[in-house]
Each structure stands twice: as structure tokens, then as C-alpha cells.
Ligand code: DGP
Ligand code: NA
Ligand code: NA
């Protein structure tokens, strides 16, 4: 009906970056600031380790289970696809969604594996059709700086050689997806300065006006 169609939806915002780039902290700060403007906001993190697919992914990341490269790749993708209807419902109800990792991590981490089993093109395919973000914030940090931060190296992909490849592939993928609104954020800066950069970009998105209908797929 016309009334429902004319109601603005929430924005879909994705935060991407290397391990230890500060994504989760920045997502939390952004959500708080959006809430401070009397807006509904929801934080979503992929992989969502609470679902059945997420539990398999969690065992794999912690080195407790092995998986064929293609199979684990498709599990990560399924973990996003199973969340789509819930995301669209939230957006339609006017809630802005801040996503901590999405399809971009999905493609680049698989393609960065040392055995080079999966091409970036192959890895991107199962992501096609997922709701496209209105804004992607790429928290860019050198792998050297990321490694210096605490808690590094606990999970499967947290090795410097891997992160160097991940960073190169992120930049390559974003350069190819030029229809997307991708903003590079210097994540090597102190926490509050990173948050300020993100907030300025968010305000521009808000100024560009509300969005209607479902995001493009
Ligand atoms: P996090 O919980 O954000 O630390 O993510 C866990 C790890 O999994 C991290 O090293 C990034 C990686 N990752 C996230 N999403 C995907 C994906 O879709 N595919 C692959 N291969 N790795 C992913
Ligand atoms: Na991690
Ligand atoms: Na994978």
C-alpha cells in the first residue's frame, strides 16, 4: 500500500577491516551516537556464531574442526543469507542496521588463503543478491599496526602474511565495486579520532536524505 511504501526505511551500514582494526568498538560507538539522535539502530555481526551454521564456523575458526575450503566458504555465506529476511524487516520498520563484517570479508578472507584454492571471483559469487549497503566504512590499518594490538593470533586467520593479503584484496575488491559507497577510514589513529571520522561520514549519509523500499540486491 502507498502509505507503507512512503515510509522511509533505515540505512544499511557495513563496517569492514582487518582483524584488530577496531571494528567492533567503532560499531558500538556509532550505534550509541545514532541512538543519541533518537533513531532506532541495530548492531549485527557476521559471522553470527549463535546459529547452527555459526557454530560450525566458530569451531573452524578456533581450529577445533577442519573444513573443505569451498564448504566453509559457503557456510559463511549461508550464515549471511539466513539473516536476510530479519534484516529487511528491521530496515522496513525504520531501523538503521550497523553490520560488523559482511560479504566483503566473505570474499577476501577465502581468496587470501595460502593455498590460493579460491579465486576472488568464485568467492564473490554466493554473495551476489544480498542486500547492498548504503555505506561501507573500510577501517584501514597496516598489518604491522594490527599485529601490535592485543589479543592477536588466537584464531585461524590472525597471521600477518594472511592479513597482508586480506588488506590488498579488500582494496582490489572495493576498486572493482565502484557502484558502492565505500569510505576509507584511517583506523591507525586513536580511537576517538577514528570515531570522529566515521561520524562525519555518517552525517553525510543522513544529509543525503532517507531511503525507501528495499536496498538493491
Ligand atoms: P570476527 O569474529 O569479526 O573476528 O571474524 C572472525 C574471522 O573470520 C576473521 O578472521 C574474519 C573471518 N571472516 C569473517 N567473515 C568471513 C567469511 O565470510 N569468510 C571467511 N573465509 N572468513 C571470514
Ligand atoms: Na578476529
Ligand atoms: Na573460507
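Some observations on this one:
- Boolean, residue 146 is in contact (Cβ under 8 Å) with a residue 24 or more places away in the chain, buried (at least 21 other Cβ atoms within 10 Å of the Cβ), more than 15 Å from ligand 2 (Cβ to nearest atom) and under 21 Å from residue 168 (Cα atoms): no
- Tabulated pairs, region 159-172, first over 11 Å from residue 146 (Cβ atoms), second part of a helix (DSSP H, G or I), C-beta under 7 angstrom, 6+ apart or interchain: 169/108; 169/111; 169/120; 170/104; 170/108
- The residue that is surrounded by the most Cβ atoms within 10 Å (Cβ to Cβ), counting only those in region 72-103 that are within 13 Å of ligand 1 (Cβ to nearest atom) and in a strand (DSSP E or B), is 99.
- Scanning region 104-118 for residues that are in a loop (DSSP other than H, G, I, E, B) and touching a helix residue (DSSP H, G or I) at 6+ places or on another chain (Cβ under 9 Å), we see that the one that is surrounded by the most Cβ atoms within 10 Å (Cβ to Cβ) is 112.
- Selection status of residue 25, modelled with pLDDT of 95 or more and part of a loop (DSSP other than H, G, I, E, B): no
- Cross-chain or 6+ apart pairs with Cβ under 6 Å, region 60-87 first and closer than 17 Å to residue 124 by Cβ, then at pLDDT below 95 and surrounded by 13 or more Cβ atoms within 10 Å (Cβ to Cβ): 69/117
- Within region 8-25, tally of residues that are more than 15 Å from residue 135 (Cα to Cα) and crowded, with 17+ Cβ neighbours inside 10 Å: 5
- Helices (runs of 4 or more DSSP H) within region 119-217 that include 1 or more residues under 30 Å from residue 39 (Cα atoms): 160-176, 191-207
- Positions within region 37-59 being part of a loop (DSSP other than H, G, I, E, B), free of Cβ contacts under 8 Å to residues at least 40 places away in the same chain and within 10 Å of ligand 1 (Cβ to nearest atom), in sequence order: 48, 49
- Taking each residue of region 193-217 that is on the phi > 0 side of the Ramachandran plot and looking for partners that are part of a helix (DSSP H, G or I) with beta-carbon atoms closer than 8 Å, six or more apart or interchain, yields 213/5.
The values are calculated or read from the model by the stated rules, or taken from the named source; none is laboratory data. All figures in this text were calculated on a predicted structure; none of them were measured in a lab. Here the Cβ is made from the backbone with ideal geometry for all residues, glycine too, and neighbour counts use every protein chain on show.
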